[in-house]
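These notes are about the structure you will find just below.
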Amino acid sequence: MDKEKFQVYEDKMNKSLDALLNEYASIRAGRANPKVLDKIRVDYYGTPTPIQQVGNVSVPEARMLVIQPWEKSLLKAIEKAILTSDLGINPTNDGSVIRLVFPELTEERRKELAKDVKKKGEGAKVAVRNIRRDANDSFKKMEKADEISEDEKTEAEEKIQKLTDKMIEKIDKAVETKMKEIMTV
C-alpha cells in the first residue's frame, strides 16, 4: 500500500477537522472575537467584501469590537451588513467608527450554543467515518483487482482505523474545549 494513496484520506480527515475548528472560531462565547465577522460581507462598490478588507477591526475590551472603515462612506454599508447578518448585535455608529458590544450570554443561549457545538462535532465525526468507509471500500476494490494482497488490505484497514480514532479524539477535544469556553461565565 503506497503512502500517497493513504495520504489522500488523511488530508481529507484533516480538512474535516479544520472545517470544524473554523466553524467553532465563528461561534461567539461571550467575549469579542473578530472571527465572528468573517462571514459578513459589505457592499463595497457593488462587490460583497469581507469587513476585514474594508476597515480595521480591533478589540479594545473583552466584550467589544471596534470597526474603523478605511473610508467614512462605508460606515452605513458596514452597519447595514451587520444588522442584516445573523450576528444578533446592534452596531453603534458614532460617525467615525462602529462599535459592537457583546452582551453576556444568558444561560439559555449558552445551552443552545453548547447543543450546536455538539451537533457540529458529531457532523465532523460522521464526515471522518465516511472517509474511513470510502478508504476501506477502495482497499477492497484494490484487493479484488489484485493490486494488493489480503494482508496489505488488512494492514491498510487497521491503519485507517487508527487514523480515524486519532481524528475522533481530536474532534472530541475540540468539542470539549469549545464547550468549556461557552459554559465559562
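Structural remarks
- Hits in segment 34-51 - residues which are open to solvent by 70 Å² or more (accessible area, probe 1.4 Å) and polar (S, T, N, Q): Thr47
- Set side by side, the residues Val59, Val101 differ, and just one is aliphatic (A, V, I, L, M) and touching a Lys or Arg at 6+ places or on another chain (Cβ under 8 Å), which is Val101.
- The single condition among (1) part of a helix (DSSP H, G or I); (2) in contact with a Phe, Trp or Tyr (Cβ under 8 Å, 6 or more places away or on another chain) that Leu21 does not meet is (2).
- Considering only residues in segment 15-46 that are in contact with a strand residue (DSSP E or B) (Cβ under 9 Å, 6 or more places away or on another chain) and of a type outside the set (D, E, K, R), the one that is farthest from Leu87 (Cα to Cα) turns out to be Val42.
- Residues of segment 158-185 that are over 30 Å from Glu23 (Cβ atoms) and touching a residue at least 12 places away in the same chain (Cβ under 8 Å): none at all.
- Residue match in segment 1-22 (condition: at pLDDT below 85 and in contact with a Pro (Cβ under 9 Å, 6 or more places away or on another chain)): no
- Of all the criteria given as (1) over 21 Å from the mean Cα position of the chain (by Cα); (2) in a strand (DSSP E or B), the one not satisfied by Val59 is (1).
- 2 or more residues surrounded by 19 or more Cβ atoms within 10 Å (Cβ to Cβ) and in contact with a helix residue (DSSP H, G or I) (Cβ under 6 Å, 6 or more places away or on another chain): qualifying helices (runs of 4 or more DSSP H) within segment 72-185: 107-144, 150-183
The values are calculated or read from the model by the stated rules, or taken from the named source; none is laboratory data. This structure is a prediction, so every number in the text was calculated from the model and none was measured. Cβ atoms come from the backbone with ideal geometry, glycine included; neighbour counts cover every protein chain shown. Just so you know, the surface numbers come from the protein's heavy atoms only, side chains and all, with ligands and any DNA or RNA stripped out. Shrake-Rupley method; radii C 1.70, N 1.55, O 1.52, S 1.80 Å.
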